[in-house]
1. Using all C-alpha to C-alpha distances in the range 1-148, build P(r) with 5 Å bins and read off the rounded percent in each one.
2. Which angle from 0 to 90°, rounded to the nearest 10, does the C-alpha axis of helix 82-95 make with the longest principal axis of the chain?
3. Give me the extension gain from VAL146 to TYR174: residue separation times 0.36 nm, minus the current Cα-Cα distance, reported in nm with one decimal.
4. Which whole-number percent of Cα pairs in the range 1-75 have a distance greater than 19 Å?
5. On alpha-carbon atoms, Rg over Rh for the range 169-209 using Kirkwood Rh?
6. If you take every DSSP beta bridge fully contained in the range 1-104, what fraction is antiparallel? Give it as a percent rounded to 5.
7. Helix 108-119 against the longest principal axis of the chain: what's the angle in degrees, Cα atoms only, rounded to the nearest 10?
8. What does the charge dipole of the chain about its Cα centre add up to, to the nearest 20 debye, if the Cβ of each Lys and Arg holds +1 and the Cβ of each Asp and Glu holds -1?
Amino acid sequence: MVALRQKTSLSFLNRPELPSLAYKRLKGKTPGIIFIPGYLSNMNGKKAVAVEEFCKSLGHAFIRFDYSGVGSSDGNLLESSVGKWRKDVLSILDDVAEGPQILVGSSLGGWLMLHAAIARPEKVMALIGIATAADGVVTQFHSLPVEMKKEIELKGEWFLPSKYNKEGYYRIPYSFIKEAEHHCLLHSPIPVTCPVRLLHGMKDEIVPWQRSLQVADRLVSPDVDVILRKHSDHRMKEKADIHLLICTIDDLIDKLSTMVP
């Protein structure tokens with residue numbers, strides 16, 4: 001019966017001087033899978049839960065978590081930054097995950113998974129990006145007209161229109177954009193050498209699908225595939241999108257199990 005299925009309980013990673021992070025963990029075989037969510041998304045999204053169910057069926061370890069200032073984690077969202085969220089991902093990798101991992105990053109999570117692979121090459125065995133938003137908010141900001149950029153700088157915040165937020169926009173502090181500039185990756189080769197799979201919907205109106213091609217071009221790894229879905233949007237959460245994601249994870253687990261350590 002479905003009602004009797006094992007549920008992952010909510011745990012907290014306490015960190016000195018940093019907000020505690022909420023996470024759910026499934027113990028199992030390696031490589032483990034870590035799901036890294038998108039901007040302001042929490043760990044309970046459709047894709048994260050689907051990946052957990054798949055890992056449960058295979059007996060593989062799995063972790064999903066909330067960034068500081070988001071969902072059940074501690075911290076103040078107004079003080080959040082790409083740099084702080086990068087630290088959150090590394091904390092999960094260092095202090096919760098055991099053994100080699102495959103990182104699955106959605107949107108902003110795709111940008112952060114690249115940073116994690118650069119920082120922890122010995123632990124990150126493969127990457128799967130879903131609508132990878134490398135350099136995301138910075139690229140969007142710099143594409144604005146000069147007058148608009150000046151106005152955002154003066155006001156100290158940017159009201160970025162979005163149909164995925166109930167207010168109809170994201171309120172992004174100017175300081176968040178400036179801090180994010182320190183974490184841009186597309187200006188030079190990305191020193192990631194593990195297998196990478198980049199999934200992107202061609203109807204994505206937030207992060208253009210060409211961004212995944214740019215990331216693929218910049219990656220040092222020779223083992224990079226870009227998979228485009230013609231009718232999928234930014235969230236890639238339709239049944240066929242999730243099926244593609246699960247098949248991609250399954251394929252990478254098979255590939256890694258046959259690779260010589």
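The values are calculated or read from the model by the stated rules, or taken from the named source; none is laboratory data. None of the values given here were measured: they were computed from a predicted structure. Here Cβ is always computed from backbone atoms with ideal geometry, including for glycine, and neighbour counts include all displayed protein chains. Heavy atoms of the whole protein, side chains included, go into the accessibility calculation; ligands, DNA and RNA do not. Shrake-Rupley method; radii C 1.70, N 1.55, O 1.52, S 1.80 Å.
1. Percent of pairs per bin, in order: 2, 10, 20, 22, 20, 13, 7, 4, 2, 1, 0, 0.
2. Value to nearest ten degrees: 10.
3. Going from the current span to full extension adds 8.6 nm.
4. Value for the range 1-75: 36 percent of Cα pairs lie more than 19 Å apart.
5. A ratio of 1.05.
6. If we restrict to bridges inside the range 1-104, about 55 percent are antiparallel.
7. It is inclined by approximately 70 degrees.
8. Its charge dipole is roughly 620 debye.
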